[in-house]
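Everything below concerns the one structure shown next.
No lab work stands behind these numbers, since they all come straight from the coordinates. Note that the structure is predicted; figures quoted are calculated from it, not measured. Cβ: placed from backbone, ideal geometry, glycine included. Neighbour counts: every protein chain shown.
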Amino acid sequence: MKKMKHAYLIAGLLIFSSCGSDEPQDYSYGFDDDYEVPEEEVLEMMAVSWEDLASGELKDGQPITIEGYVGPLPSTIFSYDDSELGIDLYERRNQCDGFCLDVDIPIGSSKNHVRSLPDDYQQSDLKIMTNDAETAGVGDYVRMEGIFTKSSSSDAIYFDADKIEKLTKPSFDESIFETAVELTDEVIEDESKDGAYAYMDVKMDLSMYMMVYDNQYTVDISQKNNSFLKSTYVIIGESEGQMRALVDNFTDSDFIVVDTKGNEQKGASGKYRIYGTFNQLDIDSKGTFTVEEFVKL
């Protein structure tokens with residue numbers, strides 16, 4: 001009905017125009033005869049680094065390829081429809097906070113799609129169907145190809161994935177430690193350092209009741225790097241930078257972490273330098289710290 005009303009209105013205007021004047025009507029709307037519509041810029045595919053992504057210099061709509069680690073699923077996923085699933089891609093292994101690439105992947109069972117999640121999903125339910133018919137999940141190292149979208153926020157950038165490849169995880173490069181800052185009071189209270197890659201020298205202890213949230217334990221720490229943090233999050237798992245799952249009626253001997261080189265270490269024994277991401281929050285501890293790597297001191 002709306003289309004019919006519009007048609008009558010347009011017809012009436014044309015009749016009124018033609019009846020109201022004997023002068024020929026100009027319907028050029030102010031365009032010159034030689035006006036040309038500018039061609040849309042064609043952007044070529046570009047392989048980018050994480051430094052490129054953080055620079056803010058990439059053009060909106062730029063086709064890119066990027067390599068990184070598939071991040072863990074959040075405790076709640078919000079979706080406007082059932083056509084896409086959003087995941088996080090990170091620069092560092094075990095990273096689950098800080099600067100990331102927000103990736104939208106079509107939901108489906110064919111290649112370059114992601115399986116839909118059950119209502120009560122676990123981390124193992126994330127199954128990305130890659131271009132070469134493999135399945136990638138949380139913690140896997142992948143190369144993605146797609147379209148970059150600029151964000152008004154410096155915390156995250158967006159990406160529509162068209163092609164996904166599962167890669168062999170690269171050997172850990174300890175030079176990444178040189179980019180970490182000591183997590184001092186000054187760093188914690190500096191708003192520009194939210195999401196910073198940082199380190200602390202700590203002693204770790206288990207509490208009587210170990211809390212589990214998003215596949216992480218909350219571990220007590222004592223440290224002199226700052227006056228705020230009394231605990232840290234540690235990822236539960238079998239790989240480097242993770243902590244073995246505790247058994248019922250656990251003791252300190254069950255507190256096992258895996259160091260950067262893949263060696264099992266007794267978590268409650270001695271000092272560790274822990275590397276990870278600091279997330280600023282308006283709480284007494286000023287924020288949270290999630291461990292990515294353990295180095296025995």
So which GluC sites (Glu not before Pro) in region 226-297 end up in coil per DSSP with only 15 or fewer other C-beta atoms within 10 Å?
E238
Take a quick pass over region 46-167 and tell me how many lysine pairs come in under 16 angstrom between Cα atoms, counting only ones 8 or more apart or on separate chains.
6
Could you pull the Cα extents of region 142-249 along its three principal axes, largest to smallest, in whole Å?
47, 38, 27
Straight-line reach from K203: which lysines have Cα under 18 Å away, leaving out those fewer than 8 places along the same chain?
K224, K230, K266, K271, K296
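Using only Cα atoms, figure out Rg for region 46-167 and give it as a multiple of 2.2 N^0.38 Å.
That works out to 0.98 for region 46-167.
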